[in-house]
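Input: a single structure, listed below in structure tokens.
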Amino acid sequence: MHLYVIRHGETWANAEHRYLGALDPELTERGREQAASISQKLPSGIEVLIVSPRLRAQQTAQILNHELNLEPVTMDAFRERDVGVFEGLTQAEAKALHPALWAQNITRQWAAGPTGGESIAEVVARVHQGLVELAALYPQRVVLLVAHGFVAKVIRALAKGDFSDFFHWQLSNGEMLVLEDFNLKALPPTAPLATGLV
């Protein structure tokens, strides 16, 4: 499977540097422009379009699909990480409103997450299962996945079998991660010891 992952275009929350996971805003005008721009840079031969259920990903996929003309398949496994009580907050607001959680560096813990949200372990397990399903359904196909920043981090780390730069690497809005000859057999077990995360 050849896998191309595109992060959705900008939303108001991205523009204001706010935590955005389960919230479901639409694209800004700039976000639509980003989607239109990346649609002109898509590789040839894309056969399958997979999309997160979040509105920002769906809108991005609609713009990309003007060029592709495929039947989009929505997969919940690739929705963005839910950050619970941090949703919609800036880092400064999260620190002020939830000092105990902030002091734990809670969004970077492997097995714990902000109250009401997901841990990294839960997201990795969910995304891994989605990749297993993709590989089973489309083993020899060229797949485009429209998803999110944290989801792209997870997919890249799983593809490399290495989480060492997990918090440093970032896929910008409207940009693409290229993973040709993506091979699930190379994926490590989804456990803290496999990642180096606590």
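Quick note: the coordinates plus some simple rules give every number you see, no bench work behind them. Being a predicted model, the structure only gives us computed values, none of them experimental. When we count neighbours, we look across all protein chains shown, and the Cβ atoms used for this are built from the backbone with ideal geometry, even at glycine.
Filter region 99-108 down to the residues that are outside any loop (DSSP other than H, G, I, E, B) and surrounded by fewer than 14 Cβ atoms within 10 Å (Cβ to Cβ) and list them by number. Once the filter is applied, which keeps residues that are outside any loop (DSSP other than H, G, I, E, B) and surrounded by fewer than 14 Cβ atoms within 10 Å (Cβ to Cβ), region 99-108 yields Pro99, Ala100, Ala103, Arg108.
Would you confirm whether or not region 120-137 contains a residue that is closer than 27 Å to Val178 by Cβ, in contact with an Asp or Glu (Cβ under 7 Å, 6 or more places away or on another chain) and of a type in the set (A, V, I, L, M, F, W, C)? The answer is no; no qualifying residue exists. Condition (residue is closer than 30 Å to Ile63 by Cβ, in contact with an Asp or Glu (Cβ under 6 Å, 6 or more places away or on another chain) and not hydrophobic (A, V, I, L, M, F, W, C)) applied to region 102-116: is it met by at least one residue? No; the residues of region 102-116 include none that is closer than 30 Å to Ile63 by Cβ, in contact with an Asp or Glu (Cβ under 6 Å, 6 or more places away or on another chain) and not hydrophobic (A, V, I, L, M, F, W, C).
Mind listing whichever residues of region 111-133 are in contact (Cβ under 8 Å) with a residue 24 or more places away in the chain and surrounded by fewer than 18 Cβ atoms within 10 Å (Cβ to Cβ)? Across region 111-133, the qualifying residues are Ala111, Thr115, Gly116, Ala125, Gln129, Val132, Glu133. Taken over region 15-48, the criterion of being within 27 Å of Phe86 (Cα to Cα) and free of Cβ contacts under 8 Å to residues at least 60 places away in the same chain is satisfied by Ala15, Asp24, Pro25, Glu26, Leu27, Thr28, Glu29, Arg30, Arg32.
Listed residues Arg18, Arg79, Arg32; which is touching a helix residue (DSSP H, G or I) at 6+ places or on another chain (Cβ under 7 Å) and among the basic types (Lys, Arg)?
Arg32 is the lone residue from the list that is touching a helix residue (DSSP H, G or I) at 6+ places or on another chain (Cβ under 7 Å) and among the basic types (Lys, Arg).
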